[in-house]
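What follows draws every value from the coordinates through simple rules; no lab data is involved. Please read these numbers as outputs of a predicted model, since none were measured by experiment. Because the Cβ atoms are built from the backbone with ideal geometry, glycine has one as well, and the counts that use them run over all protein chains shown.
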Amino acid sequence: MRRIGVGGAQPYGVEVGAGLLSRLQIPQRHVALIHPVDLPAQFVAAVQASLSPTVTIEIPARDDCKTLEVLAGVLSKLAAANIPRDGAVAGLGGGAATDLAGFAAASYLRGVAFYTLPTTLLGMVDAAVGGKTGVNLPEGKNLVGAFWPPRAVWCDTDTLVTLPEAVFREGAAEAYKHGLISDPSLLERVLSPEFKPGGANLEDTLADAIAVKAGVVTRDLTEQGERAYLNFGHTLAHALEAVTDHAVTHGEAVGYGMHYAAILSRNMGGADLTPHTLAFLKWQWPAPLPPLAFEDVTPYMARDKKADTQGVRFVLLCDLAQPYLTRVPEDTLRSAFREWQTAVSGTG
Ligand code: GLY
């Protein structure tokens, strides 16, 4: 088992290892367990046996849970179960479920203790750590939320065994991204045949990928600076998710988006990291993209949260582990888009 520390006003630990869900211990007596309706029953049973929750609340699967309506229902159930101010909420599931559960914890009684129990690779490497919680609005993703760091995170690697291979490979995009922006040793390890559920290098690679995010959010919880670097590849990725109506999943879109960001990075004078991002795409084998024009994605890129009044900004790399934030001229964006399209047409 590995333990990663996250610092800040209220430090906490992220534990990574097999069998954790049946060994949970928390000080609160009254706990509400929140999980998606389609979660394998054995994970829910393991948490119920170790935490003895006062109430277990089922929420819709995947992003369907991240709505104000679902949040309202969860808050009512917390109140009906008399979860007190010194109680806790435990969020079990993928990133959407833990985002919703965390925001319920942040808003119920103006905030109760929150614990994260991620069961997907994407959730472990990204969503569960760093305290971003929230829901979507019809107008856009994550438009309502709060920074509400958990008291502890448990990443039980046994949960990954039930994931379809495509879902595991989707989640690997965030681990690979942590390699590009901070820890290049991860690049080879993520693409290794042993980076798989039950694989020999899974626990250490996962823990080291989480450690990158833990370091960033320790130094910059509220994204005043370097936390934005975690969005490498995400500007085009969010546009691809929106334009394909989520037929391309988040992790797949990040895989595609990292390659675009690597082309931009090189064309803006940085090292050529495109062999890395192309190798990842070939390993990940994402869903193919529909035919797209530059004009299809630009309205979505313009709404990126790193945009300010002067326009959109991209996270680029001078070299491995050397990220920076910059504006990019439109003709550079356009020519890189053409190059990216040619390159990715054979990867999906
Ligand atoms: N997913 C990016 C962040 O947590 O800041």
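Conditions first: (1) away from the ligand (no atom under 16 Å from the Cβ); (2) part of a helix (DSSP H, G or I); (3) crowded, with 20+ Cβ neighbours inside 10 Å. Residue 167 passes all but one, so which condition is the exception?
Condition (3) is where residue 167 drops out.
Would you be able to say whether some residue in region 229-238 is under 18 Å from the mean Cα position of the chain (by Cα), within 15 Å of the ligand (Cβ to nearest atom), buried (at least 21 other Cβ atoms within 10 Å of the Cβ) and not in a helix (DSSP H, G or I)?
yes
Within the group 173, 211, which residue is touching a residue at least 60 places away in the same chain (Cβ under 8 Å), surrounded by fewer than 24 Cβ atoms within 10 Å (Cβ to Cβ), within 16 Å of the ligand (Cβ to nearest atom) and part of a helix (DSSP H, G or I)?
Step by step, each of 173, 211 is checked, and only 211 is touching a residue at least 60 places away in the same chain (Cβ under 8 Å), surrounded by fewer than 24 Cβ atoms within 10 Å (Cβ to Cβ), within 16 Å of the ligand (Cβ to nearest atom) and part of a helix (DSSP H, G or I).
Cβ contacts < 6 Å: first residue more than 19 Å from residue 123 (Cβ to Cβ), restricted to region 2-20; second residue surrounded by 12 or more Cβ atoms within 10 Å (Cβ to Cβ), any location; separation 6+ or different chain. Result?
5/13; 7/218; 8/218; 8/221
In region 190-203, what residues are touching a helix residue (DSSP H, G or I) at 6+ places or on another chain (Cβ under 8 Å) and either under 20 Å from residue 15 (Cβ atoms) or of a type in the set (Phe, Trp, Tyr) (or both)?
Those that are touching a helix residue (DSSP H, G or I) at 6+ places or on another chain (Cβ under 8 Å) and either under 20 Å from residue 15 (Cβ atoms) or of a type in the set (Phe, Trp, Tyr) (or both): 195, 197, 198, 201, 202, 203.
Which residue, of 135, 125, 161, is touching a residue at least 12 places away in the same chain (Cβ under 8 Å), within 16 Å of residue 5 (Cα to Cα) and β-branched (Val, Ile, Thr)?
Just one listed residue meets the conditions, 125.
Hey, which of the strands (runs of 3 or more DSSP E) in region 44-130, taking only ones fully inside, have at least 2 residues that are within 16 Å of the ligand (Cβ to nearest atom)?
113-118
Across region 145-158, which residue is nearest to residue 59 (Cα to Cα) among those that are within 16 Å of the ligand (Cβ to nearest atom) and in a strand (DSSP E or B)?
The residue in question is 145.
Looking only at region 239-266, how many residues end up being among the β-branched types (Val, Ile, Thr), touching a residue at least 60 places away in the same chain (Cβ under 8 Å) and away from the ligand (no atom under 13 Å from the Cβ)?
Total meeting the criteria: 2.
Would you say residue 59 is in contact (Cβ under 8 Å) with a residue 40 or more places away in the chain, surrounded by 18 or more Cβ atoms within 10 Å (Cβ to Cβ) and over 23 Å from the mean Cα position of the chain (by Cα)?
no
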